[in-house]
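Note sheet for the following structure.
The values are calculated or read from the model by the stated rules, or taken from the named source; none is laboratory data. Here the structure is a predicted model, which means the values were calculated and not measured. We place every Cβ from the backbone using ideal geometry, glycine too, and count neighbours over all the protein chains shown. Note: accessible area is taken over every heavy atom of the protein model, side chains too, but ligands, DNA and RNA are not part of it. Shrake-Rupley method; radii C 1.70, N 1.55, O 1.52, S 1.80 Å.
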Amino acid sequence: APVWDEFADNFASGEEGGASFALAIDGRMVVDLWGGFRDIAQSKPWEETTICNGMSVGKAMAATCLHILVDRGQVDLDAPVARYWPEFAANGKEGLLVRWVLDHRCGLPFLTDDLWPGAIYDWDAMTKALAAQPPILPPGTQPAYHIRTFGFLVGEIIRRVTGKRFGEFYRDEIAMPLGIDFQFGVDPRDFPRCAEFIARPEQAPLDPNSMFARAGRQWPVPLDYNAPEFRRAEVPSSNGHGNARATARFYSILANGGRFDGKQIL
């Protein structure tokens, strides 16, 4: 009841437009709330099945997909990425380890070749640029948040090992068997249940040479988080769509030994 009250207060105060919140304890969902509106005009109620852009929540799903391959013996955390993705060895990356991709120490937090606005929707262009680029930081040493590149690095290793695009592998190994309503590359049939994303206005202009600004130069200009192109794209680090129930279910499975319905996922 206190959680419900706090959740409702967000809407009463005008601080929230629409949201969902869920909590699982020991594999049992004990809180599952949703409320408000799913559109900017506040004419469509946020419903039980509404999904929204989860931003970096998707990084956890991407990492888990790679860990599934590690579990199966198909990927070695201490092997060089180039064992699975030979082109990645270019420009001094032949010894760069898989584990450094997962813990943000691979030294590729952004592309030094800015490509073109909208290139982030072109998987091959992004992964070819990452494979060709020398590290910005010494691999295995200084961590730096790979805000956009993380999903492409992890996803391309998965594609090279399995032959499946990231979104397909994720759907087949996690979303469908575990009943998790979180997807990458939203099916157009699900567009009507997507909540409209309201981008927060910048409080101060970004330094154009900052790591954060450089990381975003492959987005379209202007960037529309509600455009069909954004929703259909596979950008595992930034544009997975789901809701609180799906996310709580995903983490609950990981928190309880990676087991679900008699099946050992991890």
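You will find that of GLY167, GLY185, the residue that is in a helix (DSSP H, G or I) and in contact with an Asp or Glu (Cβ under 9 Å, 6 or more places away or on another chain) is GLY167 and no other.
For residues in region 237-261 being within 20 Å of GLU196 (Cβ to Cβ) and hydrophobic (A, V, I, L, M, F, W, C), which is surrounded by the fewest Cβ atoms within 10 Å (Cβ to Cβ)? Give the steps one after another, and end with the answer.
First, the residues of region 237-261 that are within 20 Å of GLU196 (Cβ to Cβ): 238-247.
Going one step further and asking which of them are hydrophobic (A, V, I, L, M, F, W, C), we end up with 244, 246.
On the way: ALA244: 19, ALA246: 24.
Per the criteria, the residue is ALA244.
As a summary of the residue check, ARG171 satisfies the conditions (1) within 17 Å of ASN239 (Cβ to Cβ); (2) touching a residue at least 40 places away in the same chain (Cβ under 8 Å); (3) basic (Lys, Arg) except for the one numbered (2). Screening GLN218 against (1) without any contact (Cβ under 8 Å) to a residue 12 or more places away in the chain; (2) open to solvent by less than 50 Å² (accessible area, probe 1.4 Å); (3) not in a helix (DSSP H, G or I) leaves a single unmet condition, (1). Taking the conditions (1) modelled with pLDDT of 95 or more; (2) open to solvent by less than 60 Å² (accessible area, probe 1.4 Å); (3) under 28 Å from GLU16 (Cβ atoms); (4) over 13 Å from the mean Cα position of the chain (by Cα) in turn, PHE182 satisfies each one other than (4).
Looking only at region 188-208, how many residues end up being in contact with a helix residue (DSSP H, G or I) (Cβ under 9 Å, 6 or more places away or on another chain), in a helix (DSSP H, G or I) and surrounded by 13 or more Cβ atoms within 10 Å (Cβ to Cβ)? Lay out the reasoning, then the answer.
We begin by selecting, within region 188-208, every residue in contact with a helix residue (DSSP H, G or I) (Cβ under 9 Å, 6 or more places away or on another chain); these are 188, 190-191, 194, 197, 206-208.
If we keep only those that are in a helix (DSSP H, G or I) too, we end up with 188, 190-191.
Restricting the remaining residues to those that are surrounded by 13 or more Cβ atoms within 10 Å (Cβ to Cβ) gives 190-191.
Result for region 188-208: 2.
Checking every residue in region 67-75 against the condition of being open to solvent by 40 Å² or more (accessible area, probe 1.4 Å), small (Gly, Ala, Ser), farther than 26 Å from ARG231 by Cβ and not in a loop (DSSP other than H, G, I, E, B) gives zero matches.
Against the condition touching a His at 6+ places or on another chain (Cβ under 6 Å) and surrounded by fewer than 21 Cβ atoms within 10 Å (Cβ to Cβ), how does PRO177 come out, does it pass?
On the way: touching a His at 6+ places or on another chain (Cβ under 6 Å): no; surrounded by fewer than 21 Cβ atoms within 10 Å (Cβ to Cβ): yes.
No: the conditions fail for PRO177.
Collect the residues in region 1-48 that are farther than 30 Å from LEU254 by Cα, without any contact (Cβ under 8 Å) to a residue 12 or more places away in the chain, in a loop (DSSP other than H, G, I, E, B) and not charged (D, E, K, R), keeping them in residue-number order. Scanning region 1-48 gives SER13, GLY14, ALA41, SER43.
When region 221-236 is examined, which residues are found to be open to solvent by 70 Å² or more (accessible area, probe 1.4 Å) and within 28 Å of LEU66 (Cα to Cα)? Even if it seems obvious, please write down each step before you answer.
Taking region 221-236 first, the residues open to solvent by 70 Å² or more (accessible area, probe 1.4 Å) are 221-222, 224, 229, 232.
Passing the criteria: GLU229, ARG232.
Within region 101-141, the set of residues being hydroxyl-bearing (Ser, Thr, Tyr), farther than 19 Å from VAL161 by Cα and either assigned to a loop (DSSP other than H, G, I, E, B) or open to solvent by less than 50 Å² (accessible area, probe 1.4 Å) (or both) comprises THR112, THR141.
Each residue in region 77-100 was checked for being open to solvent by 30 Å² or more (accessible area, probe 1.4 Å), in a loop (DSSP other than H, G, I, E, B) and among the charged types (D, E, K, R), and 2 of them qualify.
Hey, could you check region 1-49 for residues that are acidic (Asp, Glu) and more than 16 Å from ASP181 (Cα to Cα) and say which is modelled with the lowest pLDDT? I'd like the intermediate steps shown before the answer.
The first filter runs over region 1-49 and keeps only residues acidic (Asp, Glu), leaving 5-6, 9, 15-16, 26, 32, 39, 47-48.
In the following step, the residues that additionally are more than 16 Å from ASP181 (Cα to Cα) were identified as 5-6, 9, 15-16, 26, 39.
Details: ASP5: 94, GLU6: 93, ASP9: 92, GLU15: 78, GLU16: 85, ASP26: 89, ASP39: 94.
Among them, the one singled out is GLU15.
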